[in-house]
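What follows is one structure encoded as structure tokens, with my remarks underneath.
All of the numbers you see were taken from the coordinates with simple rules; none came from a lab. Here the structure is a predicted model, which means the values were calculated and not measured. Every residue, glycine among them, receives a Cβ derived from its backbone with ideal geometry; neighbour counts consider all protein chains shown.
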Amino acid sequence: MAARKLMHAVQYNGYGGGPAELQHVEIPIPIPQQDEVLIKVEATSINPFDWKVQKGMLWPLFPRKFPYIPGQDLAGEVVEVGSGIQNFKPNDKVIAMLDPFQGGELAEYAVAKESLVAKRPSEVSAHEGSGIPVAGLTAHHALTQCAGIKLNGSGPKRNLLITAASDGVGLYAAQLSKLGNTHVTATCGARNIEFVRSLGADEVIDYKTQDGANLKSPSGKKYDAVINCASCIAWSTFEPNLSDYGKVIEVTPRPSTMIRVALKKLTLSRKQLVPLFLDAKVENIEYLVRLVNQGKLKVVIDSKYSLSKVEDAWAKSIEVHATGKMTVEP
Ligand SMILES: NC(=O)c1ccc[n+]([C@@H]2O[C@H](COP(=O)([O-])OP(=O)(O)OC[C@H]3O[C@@H](n4cnc5c(N)ncnc54)[C@H](OP(=O)(O)O)[C@@H]3O)[C@@H](O)[C@H]2O)c1
């Protein structure tokens, strides 16, 4: 059998080390299994998950083995399909979410399960497409499945708080929530207040002010649901701002979140904490892509990098000061 051609990829070989431990390697182009497509990558995007795995914060679940090519979000062109693939063929432009156990986005080619691949219309650029899956799906899941918001505008009016509305997930949550019957309060840094307002939030507070730190709604509203995209906010800060049956949806659940969730259930508390574990579905990627194509949803790109300089994107993601997504082009 002829040897597989080589591709450029970026991987790490153990826990820790940050950007300095990302290794640039030449490895064989992967072979798609029966239910997979091989994609020539045009753009990918970084998520905090990627460097949290490298830090060992998700040990022992991720990664399954080293070396590990990180990343789940990409846009590109199908070049080869597995024997069971019906819906895709070479030259199709697509957006894919990769299996987090396998990773694989930081490379010239990647294999994706057909079940998480969506067609990409020509109006949606590769960079925009790569910014959609993980962050967009997380915001969609938080709003629809956890907070019960109907994105067709039906349902009773709900007061929402979105913390860190300038981050990758928060920017989607702020925009999508306004498709529902909602009043949205958002927090972000002072430099992003006007921008977050321009995307639809009704009230925006600087998280570094006293009212911002206390999460107080400027108009005195109590929140029916909080989409918490920020880290390190204590339950005691949320609690006085919640309506009687208010919920906090924790986008980044930690072990301490799970203990509090159990306590709230045991004490039959009306105010609830809900941990979000992403349930990714291709129809939701397709829905988000349609919204982008119709101009109803904006993919906000903080900055673009080349794969040869991916260390810079990695370092910036670790700093947690991006406004939107960081994308990488092979
Ligand atoms: N459960 C899941 O499946 C899932 C999926 C995706 C992401 N996540 C998690 O969601 C979190 C957010 O990810 P991301 O990619 O969206 O983050 P990110 O882009 O790195 O967030 C950075 C942004 O958040 C703002 N910010 C930071 N702390 C803030 C605070 N206390 N209040 C208000 N704004 C604040 C920063 O503003 P300044 O620069 O002005 O400070 C910056 O604009 C991460 O912890 C990630 O792991 C979970």
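What to note about this one:
- Residues whose placed amide H lies under 5 Å from that of ASP73, excluding near-sequence neighbours: SER45, LEU98
- Residue order, fewest to most beta carbons within 10 Å, for LEU22, LEU176, LEU58: LEU58, LEU22, LEU176
- The HN-Hα couplings worked out from phi for segment 20-36 by the Karplus form 6.51 cos²θ - 1.76 cosθ + 1.60 (θ = phi - 60°) are 5, 9, 7, 10, 8, 9, 10, 9, x, 4, x, 9, x, 6, 3, 9, 10 Hz, whole numbers, x standing for Gly and Pro.
- Rounded Å value of the spacing that divides the Cα centres of segment 250-272 and segment 212-235: 16
- Ranked by how many other Cβ atoms sit within 10 Å of their own Cβ, fewest first, the residues LYS55, LYS264, LYS5 fall in the order LYS5, LYS55, LYS264.
- The chymotrypsin sites (Phe, Trp or Tyr not before Pro) of segment 248-330 that DSSP puts in a loop, and whose beta carbon has at most 14 other beta carbons within 10 Å, are PHE277.
- Taking a ≥ b ≥ c as the square roots of the eigenvalues of the Cα gyration tensor, segment 125-248 is classed as oblate, since a/c reaches at least 1.5 and a/b does not exceed b/c.
- Alpha carbon centroid spacing (whole Å) that separates segment 127-196 from segment 29-83: 26
- Rounded, prolate or oblate (a/c below 1.5 giving rounded, otherwise prolate when a/b exceeds b/c) for the chain by Cα gyration tensor: prolate
- Net length available on complete extension from GLN294 to LEU268 is 5.0 nm, with 0.36 nm assigned per residue and the Cα-Cα distance removed.
- Whether segment 205-300 is rounded, prolate or oblate, judged on the alpha carbon gyration tensor where a/c under 1.5 counts as rounded: oblate
- Placing +1 on the Cβ of every Lys and Arg and -1 on the Cβ of every Asp and Glu, with nothing else charged, gives the chain a dipole about its Cα centre of roughly 1060 debye.
- Sequence of MET7, MET326 once ranked by neighbouring C-beta atoms within 10 Å, starting from the fewest: MET7, MET326
- Residues in segment 219-226 carry Karplus couplings, in order, of 9, x, 6, 9, 8, 7, 8, 10 Hz; the curve used is 6.51 cos²θ - 1.76 cosθ + 1.60 with θ = phi - 60°, and Gly or Pro positions show x.
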